[in-house]
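Contents: one structure, followed by commentary.
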Amino acid sequence: MSDATMLQPAPTAVLAGSGKVETLTGIAAGLSWLVAAITTVALDDIGDWLETENYAIAAGLAGVLFIGLSVSGRWLPRVGAWIAHAGPWLLVLGLIQILWQLASAKFGWLPQPFFPPAQGIIEVYTFEYDELATHFLASFKLLVVGFGIGSAVGFLIGVSIGWSTAAGYWVHPVLRFIGPLPATSLLPIVFFAFPSSWSASIFLIALAAGFPVAVLTWSGVANVNTAYYDVARTLGMKPLGLIFKVSIPAALPNVFVGLFMALGAAFTALTVAELVGVKAGVGFYIQWSQGWASYANVYAALILLALLCSGSITLLFRVRDRLLSWQKGLVKW
């Protein structure tokens, strides 16, 4: 046996060692959640939060679950793989909960009511879930309608500019002049010109979303390889077919880049519109809660807004991977 062979570790030993580390990490994560639960009920609160015991029970059950999954991961490969991936994060979250409890609810190191504990945020979800759901649905409706209209119009403008020199001559200067202007800067004009704050907000979101989609679609259509058109014409394809079967499919990667950029711009316009003019939505709820110094409500609404943003981007990535399966995994989220 050569020296090189002797120096190589046995694969099974490496796997066994890594499995022990993953199991210990998962157990440590579960213990951190148990300590967070004990800390929540063992020390007195400096305030009056109604969900303290329920939060402690939930954290304790989560800790027991994580320990059980860590131990059973040796016999359940999928569970073991999940614990190996999520264990460090679960451990960090458990430690954050302990520190959060001590700093906010127990010793008051963080000033109240600006930094409420976790049970304060859970209390909002427990007792005001109907109002939160109403505002969440209002924001979702504004986002879907505004983003949908802006993306559709931007896509049509981009295809027109990329395909037609006449459209490019007339539309391109207007796009360059108005497009880079932040949509929210038009708030004083838009809310005066439109009959309702809801329609004004739709226009702002659509304007914010339309510009990146138009620019990236135009770039994608304009940069399609001319050889594709030559082959399609040789096969007898008409101009309309060239647009729908050559230009648009070839430009789709650029279109989705524009859609991702448009979604971020739409969320910015949505939040600003709700803070200023609309009387329903997560942004409006945040401003209203801040006025009453209900910062637990503010954080609860921010979590919902983050879930809406992240969920929308995730859904858009799923659609992209479905339509552009040959580029699946090229862009990560």
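The values are calculated or read from the model by the stated rules, or taken from the named source; none is laboratory data. Source: prediction; values computed, not measured. So basically every Cβ, Gly included, is an ideal-geometry build from the backbone, and we count neighbours across all protein chains shown.
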Handout entry: Condition met for Ile313 (without any contact (Cβ under 8 Å) to a residue 40 or more places away in the chain and in the same structural domain as Val153 (by TED's automatic domain parsing))
Key = no
Practice task
Please find, among Phe211, Phe177, Phe256, the residue that is more than 25 Å from the chain's Cα centre (by Cα), in a helix (DSSP H, G or I) and of a type outside the set (Val, Ile, Thr).
Solution key: Phe177
Problem - Sole residue being of a type outside the set (Asp, Glu), over 29 Å from Val124 (Cα atoms) and either touching a residue at least 12 places away in the same chain (Cβ under 8 Å) or surrounded by fewer than 19 Cβ atoms within 10 Å (Cβ to Cβ) (or both), chosen from Ala42, Ala28, Ala56 - result: Ala28
Exercise for the section: Tell me, yes or no, whether region 1-14 has at least one residue that is of a type in the set (Gly, Ala, Ser) and modelled with pLDDT of 90 or more. Expected result: no
Exercise for the section: Tell me which of these Arg78 doesn't satisfy, since it passes every other one: (1) under 21 Å from Tyr299 (Cβ atoms); (2) of a type in the set (D, E, K, R); (3) part of a helix (DSSP H, G or I). Expected result: (1)
Problem - Filter pass, Leu252 being touching a residue at least 24 places away in the same chain (Cβ under 8 Å), in contact with a Phe, Trp or Tyr (Cβ under 9 Å, 6 or more places away or on another chain) and more than 28 Å from Val190 (Cα to Cα) - result: no
Problem - Candidate set from region 276-309 (those that are outside any loop (DSSP other than H, G, I, E, B) and of a type in the set (Gly, Ala, Ser)); member that is surrounded by the fewest Cβ atoms within 10 Å (Cβ to Cβ) - result: Gly291
Exercise for the section: Sort out which residues of region 144-162 are surrounded by fewer than 22 Cβ atoms within 10 Å (Cβ to Cβ) and either farther than 19 Å from Val255 by Cα or within 22 Å of the chain's Cα centre (by Cα) (or both), and write them in order of number. Expected result: Val144, Val145, Gly148, Ile149, Ala152
Completion exercise
Among the residues of region 216-237, the number that are in a loop (DSSP other than H, G, I, E, B) and closer than 19 Å to Ala166 by Cα is 2
